[in-house]
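A.B. asks: Next up is a structure, given as structure tokens.
Since every read-out is calculated from the coordinates, none of them should be taken as a lab result. Remember, predicted model here, so these are calculated numbers, not experimental data. With ideal geometry, Cβ positions are generated from the backbone for all residues, glycine too; neighbour counts draw on all protein chains shown.
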Amino acid sequence: MKPLVIRSAIVASLGGLIFGFDTAVISGTTESLKRVFTLDDAGLGITVTTALVGTIIGAATAGKPMDQFGRKKVLTAIGILYVLGALGSAFAPSYIVFVIARVLGGIGVGASSVCAPVYTAEVAPPAHRGRLVGLVQFNIVLGILVAYLSNFIIRLLVPEAVAWRWMLGVMAVPAVIFLVLLATVPETPRWLMAVGREDEARATSLRLCETEEESATQIQEIRDQIAADADMKKAPFFVRRNMKVILLAFAIAMFNQLSGINAVLYYAPVVMERAGASANSAYLMSVGVGLMNLVATMAALTVIDKIGRRTLMIVGSIGYLVSLGFLSAIMFSYEGHFDATSSVLVLVGLMAFIAAHAFGQGSVIWVFISEIFPNRIRGRGQSLGSMTHWVFAAIVSFAFPPIIGALGGGVAFLIFFVCMVGQLIWVLRVMPETKGVPLEEMEARLGLTGMED
């Protein structure tokens with residue numbers, strides 16, 4: 001594999017790292033935001049959700065600019081949005097400016113969730129595509145860990161009154177590095193072919209591939225795929241024939257967020273402080289949560305093609321029920337008299353919860369959605385799954401602070417527990433196994449062939 005391929009994949013995956021960083025960094029600033037902008041619990045929920053509104057916009061609108069202007073230019077625009085979001089949040093003189101900056105950063109996150117995997121897939125040789133695209137997911141999880149660690153270090157070194165600005169502003173550093181490195185990588189051969197720049201596409205492909213024969217094969221595959229995509233655009237989406245896979249994608253994306261994962265990522269320090277931990281301890285505990293997320297994700301990626309998607313979901317669902325039930329019980333038991341013991345117990349519960357998520361839903365959702373849709377509607381199917389995911393992320397992130405503030409953590413985690421009972425039933429009775437099924441055979445395996453539109 002040529003160094004240019006590796007460098008291009010790493011640069012694109014750096015966008016994923018910033019994506020993960022932006023997702024989790026807000027967790028260290030919630031109490032300061034409430035103080036600085038005089039927010040109640042509902043106001044905090046709205047403030048945190050503003051970035052997710054941007055994420056929905058970014059995910060929904062990234063496709064057309066990618067096709068019109070190219071993958072590399074859109075990645076550059078994403079880097080600029082990251083810088084504006086970071087610096088705008090850090091130096092915001094008012095609540096309105098802060099919200100606008102968070103929305104801009106969120107648009108970058110949403111667009112990156114679409115563009116970074118596409119760019120990586122299109123520059124990677126077929127033999128190495130899976131591992132290189134996997135770099136994006138790895139870096140998202142790594143970015144979450146880096147955000148928690150960064151928040152902890154900044155809290156120790158910077159005065160509390162301005163620490164939240166540093167936490168948000170430090171994201172500009174990897175964003176600028178991302179922009180600088182983007183200048184060293186090429187546009188993808190597929191986009192160059194799609195816009196009629198075939199000579200440039202061939203030249204770029206030769207730079208990316210090991211041999212001329214491999215390059216010629218890649219160019220022919222691109223030509224065939226472009227022709228197939230032209231036919232796919234004519235295929236109807238919301239028709240009876242496609243409803244089974246549409247509902248499967250909607251369900252797995254919905255359950256992903258009804259587990260409470262984004263609530264934990266966004267509000268982990270708050271939850272642990274409410275459970276009796278000191279402020280510094282709560283931030284350090286968040287680092288542990290991020291590390292567990294990384295380790296469990298890597299463990300799942302090593303076995304997902306061996307034991308299957310459905311098995312991981314079953315294990316993850318049971319893990320959800322055990323961890324969420326434990327967390328709810330601890331919150332109810334210690335309500336009104338939380339102490340150091342309860343904070344450690346909550347940390348154990350959160351670590352188990354993160355492990356269950358990363359090993360199950362976290363590793364399965366995007367693989368499963370990418371597999372179940374027929375070729376002719378796969379792009380729109382993935383967009384539907386992504387949109388469902390981000391919409392429910394916004395709903396849960398908005399609702400969590402008022403619920404935990406008014407009813408307590410026990411009720412909040414009990415709600416997630418009940419939702420995960422629903423997920424386990426869905427996995428056992430509805431979810432199909434897709435391991436080892438060629439994409440071309442998936443439609444028949446799911447019983448979609450022969451149905452009328």
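A.B. asks: Across the chain, how many lysine pairs separated by 8 or more positions, or lying on different chains, have Cα atoms within less than 15 Å?
C.D. replies: Taking the Cα cut-off of 15 Å, the pair count is 4.
A.B. asks: Ok, one more. Contour minus end-to-end for F91 and T341, with contour as 0.36 nm per residue of separation and end-to-end as the Cα-Cα distance?
C.D. replies: My answer for the length gained is 86.2 nm.
A.B. asks: Hey, another quick one. What number does the stretch 239-453 give for Rg over Rh if you use C-alpha atoms and the Kirkwood radius?
C.D. replies: Ratio of gyration radius to Kirkwood radius: 1.03.
A.B. asks: Then there is this: Given the C-alpha centroids of the stretch 178-223 and the stretch 1-47, what is the distance between them in whole angstrom?
C.D. replies: 31 Å
A.B. asks: Still on this model: If I stretch the segment between A161 and V411 completely, what's the gain in nm (0.36 nm per residue apart, minus their alpha carbon distance), one decimal?
C.D. replies: My answer for the length gained is 86.8 nm.
A.B. asks: Relative contact order (percent) for the stretch 1-185, with alpha-carbon contacts under 8 angstrom and 6 or more residues of separation? Before the final figure, lay out the partial values.
C.D. replies: Details: 285 pairs, mean separation 76.0, N = 185.
This gives 41 percent for the stretch 1-185.
A.B. asks: Can you give the net charge of the other residues whose Cβ lies under 12 Å from the Cβ of L182, counting K and R as +1 and D and E as -1? The partial results should precede the final answer.
C.D. replies: Values: positive: R7, R71, K72, K73; negative: E187.
Once positives and negatives cancel, what remains is +3.
A.B. asks: Using only the alpha carbons of the stretch 274-317, determine the length spanned along each of the three principal axes and report them from longest to shortest in whole angstroms.
C.D. replies: Sorted from largest, the Cα extents of the stretch 274-317 read 42, 18, 7 Å.
A.B. asks: Work through the residues other than F373 whose Cβ is under 12 Å from its Cβ and net out their charges, Lys, Arg +1 and Asp, Glu -1.
C.D. replies: Within the 12 Å Cβ shell, the charges total +3.
A.B. asks: Could you please tell me the mean projected area of the C-alpha convex hull for the stretch 1-185, averaged over all directions and given in square nanometres to one decimal?
C.D. replies: The directionally averaged projection comes out at 10.3 nm².
A.B. asks: As an exercise, use a Förster radius of 25 Å and the Cβ-Cβ distance of V348 and A299 to find the FRET efficiency, rounded to the nearest 0.05. Provide the component values of the computation, followed by the final result.
C.D. replies: Numbers: r = 18 Å, r/R0 = 0.74.
Taking R0 as 25 Å, the efficiency between V348 and A299 is 0.85.
A.B. asks: Using the Cα centre of the stretch 239-453 as the reference point, and only Cβ charges (+1 on K/R, -1 on D/E), how large is the resulting charge dipole? Debye, rounded to the nearest 20.
C.D. replies: 440 debye
A.B. asks: Convert 4 °C to kelvin, take the viscosity as 1.567 mPa s, use the Kirkwood radius over C-alpha pairs of the chain as Rh, and evaluate the Stokes-Einstein diffusion coefficient in µm²/s, rounded to a whole number.
C.D. replies: The diffusion coefficient I find is 57 µm²/s.
A.B. asks: Could you tell me what a quarter of the Cα convex hull surface of the stretch 40-80 works out to, in nm² with one decimal place?
C.D. replies: 3.2 nm²
A.B. asks: While we're on this one: Place the peptides 301-310, 200-209 in order of packing, highest mean first, counting for every residue the other Cβ atoms within 10 Å and averaging per peptide.
C.D. replies: 200-209, 301-310
A.B. asks: If you don't mind, there's one more thing I want to ask. Quickly estimate the mean residue ellipticity at 222 nm for the chain, helices only: each DSSP H run with n ≥ 4 gives -39500 (n - 2.57), and the total goes over all residues, rounded to 500.
C.D. replies: Result for the chain: -27500 deg cm²/dmol, rounded to the nearest 500.
A.B. asks: What percent does the relative contact order of the chain come to when contacts are Cα pairs within less than 8 Å and at least six residues apart? Provide the component values of the computation, followed by the final result.
C.D. replies: On the way: 706 pairs, mean separation 100.2, N = 453.
Once normalised by length, the contact order is 22 percent.
A.B. asks: How large is ³J(HN,Hα) for each residue in the stretch 66-73, as worked out from phi by the Karplus curve 6.51 cos²θ - 1.76 cosθ + 1.60 (θ = phi - 60°), to whole Hz, x for Gly and Pro?
C.D. replies: Residue by residue, the stretch 66-73 yields 4, 6, 7, 10, x, 5, 5, 5 Hz.
A.B. asks: Using a 7 Å offset from the Cα along the Cα-to-Cβ direction at both V315 and L149, what is the distance between the two label points in nm, to one decimal?
C.D. replies: It works out to 2.5 nm between the two label points.
A.B. asks: Right, next: Taking the Cα centre of the chain as origin and charging only Cβ (+1 Lys, Arg; -1 Asp, Glu), how large is the dipole, in debye to the nearest 20?
C.D. replies: With Lys and Arg at +1 and Asp and Glu at -1, about 220 debye.
A.B. asks: So, in nm, how far is label T211 from label V36 when the simple model puts each one 7 Å beyond its Cα toward the Cβ?
C.D. replies: 5.8 nm
A.B. asks: Which residues in the stretch 1-22 place their backbone N less than 12 Å from a point set 7 Å from the Cα of A203 along the Cα-to-Cβ direction?
C.D. replies: none
A.B. asks: Here is a follow-up. With each label point set 7 Å from Cα along the Cα-Cβ vector, what nm distance links V180 and D67?
C.D. replies: 3.6 nm
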